[in-house]
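Asks: Dropping a structure here in structure tokens format, bear with me for questions.
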């Protein structure tokens, strides 16, 4: 593997490194990459992206999933959303968590106060 040759790309890589940890024998004794102190957006190449606006340590992995503020939230299903709060989870299609602490949607198209 070759490191970036452009100074801007090198600076970007250096700024990311403090947020990444690698465990050769992590979860289930498998190689595991850990991210801390950052929001994580996974792009699958389909052109349909998830969005995160504000907050800290949020993870939006569902197609067109969104998180607005809060912290530690996870929107992992298509069209799932989290609006504020802490540690909310929206694992079902088109489900929404509206703030609070540790709220989880239970069904598709569900809303958790």
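The values are calculated or read from the model by the stated rules, or taken from the named source; none is laboratory data. What you are looking at is a predicted structure, and each value in this text was computed from that prediction instead of being measured. No Cβ is skipped: glycine too gets one built from the backbone with ideal geometry, and neighbour counts run over all protein chains shown.
Conditions (1) crowded, with 20+ Cβ neighbours inside 10 Å; (2) farther than 14 Å from residue 40 by Cα; (3) in contact with a helix residue (DSSP H, G or I) (Cβ under 7 Å, 6 or more places away or on another chain), marked per residue:
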residue: 57; (1), (2), (3): no, no, no
residue: 62; (1), (2), (3): yes, no, no
residue: 72; (1), (2), (3): no, no, no
residue: 100; (1), (2), (3): no, yes, no
residue: 107; (1), (2), (3): no, yes, no
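Asks: Can you confirm whether residue 46 is exposed (fewer than 15 other Cβ atoms within 10 Å of the Cβ), at negative phi and either out of contact with any strand residue (DSSP E or B) (no Cβ under 8 Å at 6 or more places or on another chain) or not assigned by TED's automatic domain parsing to the domain that holds residue 13 (or both)?
Replies: So residue 46 fits the description; yes.
Asks: Failed condition for residue 22, given (1) surrounded by fewer than 14 Cβ atoms within 10 Å (Cβ to Cβ); (2) out of contact with any strand residue (DSSP E or B) (no Cβ under 8 Å at 6 or more places or on another chain); (3) at pLDDT 90 or above, with all others met?
Replies: (2)
Asks: Filter region 94-113 for residues that are over 17 Å from residue 51 (Cβ atoms) and either in contact (Cβ under 8 Å) with a residue 40 or more places away in the chain or assigned to a loop (DSSP other than H, G, I, E, B) (or both) and give the result.
Replies: 99, 100, 102, 103, 105, 106, 107, 108, 109, 110, 113
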